[in-house]
Each structure stands twice: as C-alpha cells, then as structure tokens.
Amino acid sequence: MDNKIVMSGIRPTGFLHLGNYFGAIRNYVKMQGEYECYFMVADLHSLTTHPDTSQLKSNVHRVLAENIACGLDPEKAAFFCQSHVPEIAELYLFLNMLAYKGELEKTTTFKDKARLHPENINAGLLTYPVLMATDILIHRATYVPVGKDQEQHLEMARDYARRFNARYAAVFPEPQAFNFGEALIKIPGLDGTGKMSKSENQLATLYLADSDNDIRNKVKKAKTDTAPTTPNSPVPENIKNLFALLQLVADESVVKKYADDFNNCTIRFGDLKSQLAEDMVNFISPIRQKAMDIMNDEKYLQQVMESGAQKARKSAAATMQAVKEAMGLNYY
Ligand code: TRP
C-alpha cells in the first residue's frame, strides 16, 4: 500500500444509474482497499444549480445508500457530506483569491450551465471549480477518479495548488485523474444514441432504483433493426450497444452465443433483449433492495455520515493548519 490519497465527489442531484456504477462506483470499491480514500457527497455543489432544497435530504440519503449497496464500505473509506466539513468552506474562501474571473468564465461547464439557466448565473456557479479544487486539496489528495467531463476542473485544481505553493509555501501536491485498472468505459444508453444520464435520457437509462418491470420495459423498447441476412455482417451501432451492456452483466458464454448467432444470421433480437433484460434484473435488483433497506435505516445513515465527517474533518483540519501557517494567518 503506498500512501497515495484518493478523493472524489458525487453530486446528489439524481438517481444513480448503470453508467455511474461501471464508470465510477466500481472503481471506488476497488480503490478503498488499496488507498486512503475520501468519497464525498457534494451537497454544496448541488446548490449552485439546484436552489430548491426540498428533495436534498432524500437525495443525499439515496446517494449514500446506493453507493454502499454497490459495495462502498464506510469502514474502509471516509464517506461523508461536503456540508459536514466546514473547513471546506474556509479553504474555498482562500482559494477564491487565487482564482481569476476570466479563467472561471471560460470554463466549459460554466458556459454550458449558464446557457441552460440564464436566470441563475450565480457567483457559486462561476466558482464551482474552486469549490471542487478545495474538496480535493483539503485532503492533499493526488488521485482523483473522475470522468473526462471533469478534466478541466482538475486542471484548474492543479493551477490553484501551484499558485498557492508559489505564493505561500509548498502545502499542496498536484492532483491527477486516476482510474483503477482498465481505461474508462462508456456505458451506452438503450436508445442507441448518447450515454446513460442522471437527468436526461430517462428511458434509455437503467437506474439502480428501477423496478424489475421498469428494467424489462426499457430493455424491450431498445431499438433493433431487422436481423442480418449475410454472415459476418458489420454490427450496427445500436446492436453493438446491446452487446456492450450484455457483456457487463452476463456470462461470457452467453455473450459468445449471441455473437455467434449474429454472425451466422440465426440471431433474434427479441431473444437478445429478453436475455439482456433478465441479466440486468439479476444484476440490479439485489442492489436496489439493499439500497432500499439502507435508505430506511436512518440511524445507520446518520452513523455513516458522522463517522465519515469525523475522518474527513481530521484530515481537513491538519491541512488548514498548514495552510494558515503558510499564509501567515497564525497569530497566536
Ligand atoms: N464536479 C463533480 C461532478 O460533477 C463532482 C465533484 C465535486 C467532485 N467535488 C469533487 C469530483 C471532487 C471529484 C473531486 O461530477
């Protein structure tokens, strides 16, 4: 075990789906046994785009429960809520002085969100990357398991770390994107376009909270063409996606059977979809049930959040002491 520190955040803004599982959570589960890990529910980040907080508590509980149901172990990793670590708000303020307005305005996610919601372009949204940098730097983390869409934010976190170190003293290591083992896989949506998503594309997305029937219905509705008539035909994109999904949850021999059937033109896409639906049900339903049990156990969730916050605050407080010393804010 080397002493690399891993940190990642999950916004509590929707239901987790298969893409989150195979793209992120599965990675967290592998990392928690190898590294010192900080996994955080980014509830403060969600306020930048979701000012209505009526669903926040249940969303936070759900994210915690679903991650734990997928194997994230709060005994191994620090699993906590951002708002339970006030040191984050404090360091965010300091880092804001190192972040320039022009750069923030050029951030892709800011421009996208500003375009989508011109009525709520708030300063918190503008400084979203500063808050994310804070989440990482407060634990002096070096490994950050995130997808491609977060790479620009990570680059900015490195900039702020560098600026702080140059202006005051070398406190922060530079964090980098990190994924365990194989390269990141993209989990395709069921409609043959795009990928699975927390908020858009709901019919093409399999959620970890979907009922068995939801799963069957969504898989059944996936678009297929007429079956191939020439042996070894090229596989159309939407069929490729179904195979990619099958590969995630079915036995190798099952995948091979359908691939062979495709190549010798005996495949029936209806059968392929029934197979995929049943394998998905077998995969998702135990996770859904476990998550539901955890959601209903508020006492347990409270205990998870408390012990997570305790671990996170310990690490955060040590960093803040180094930060304040470096900045000359140690008056006594
Ligand atoms: N911005 C990330 C996202 O939208 C969530 C996040 C918040 C995060 N803080 C983080 C990710 C720190 C990695 C590290 O997915």
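No value in this document is a laboratory result; all are computed from the given coordinates. It should be emphasised that the depicted structure is a prediction, and the values quoted were computed from it without experimental measurement. Note: ideal-geometry Cβ built from the backbone for every residue, glycine included; neighbour counts use all protein chains shown.
Worth pointing out:
- Taking the stretch 210-292 and dividing mean pair separation by its residue count, relative contact order in percent (alpha carbons under 8 Å, at least six apart): 48
- Taking Met320, Met327, Met280 and counting other C-beta atoms within 10 Å, the order from fewest to most: Met327, Met320, Met280
- Relative contact order, percent, the chain [alpha-carbon distance under 8 Å, six or more residues apart]: 24
- Considering only the chain, percent of DSSP beta bridges that pair antiparallel, nearest 5: 15
- Helix 237-249 and the longest principal axis of the Cα set of the chain meet at an angle near 70°.
- Centre-to-centre separation between the Cα atoms of the stretch 250-280 and those of the stretch 36-65: 38 Å.
- Cβ-placed point charges (K, R +1; D, E -1), dipole of the stretch 250-321 about Cα centre in debye, nearest 20: 440
- Rounded if a/c under 1.5, otherwise prolate or oblate - the stretch 121-170, Cα gyration tensor axes: oblate
- Full extension of the chain between Lys314 and Glu252 gives 17.8 nm of extra length, using 0.36 nm per residue less the Cα-Cα distance.
- Shape of the stretch 34-106, Cα gyration tensor, a/c cut at 1.5: oblate
- Modelled FRET efficiency - R0 22 Å, Glu119 with Asn201, Cβ distances, 0.05 increments: 0.40
- Computed from the C-beta positions of Asp52 and Thr266 and an R0 of 56 Å, the FRET efficiency is 0.60 to the nearest 0.05.
- When the stretch 117-227 is reduced to its Cα atoms, the Kirkwood hydrodynamic radius in Å: 17.3
- Most to least packed among 76-86, 98-108 [average Cβ atoms within 10 Å]: 76-86, 98-108
- Here the label points at Glu34 and Thr229, each 7 Å from Cα along the C-beta direction, are separated by 5.0 nm in the simple model.
- Unsatisfied cross-links (Cα-Cα over 24 Å) in the set Lys57/Lys299; Lys198/Lys220; Lys186/Lys221; Lys111/Lys221: Lys111/Lys221
- Whichever lysines have a C-alpha closer than 20 Å to that of Lys4, once near sequence neighbours (fewer than 8 apart) are set aside: Lys30, Lys76, Lys311, Lys314
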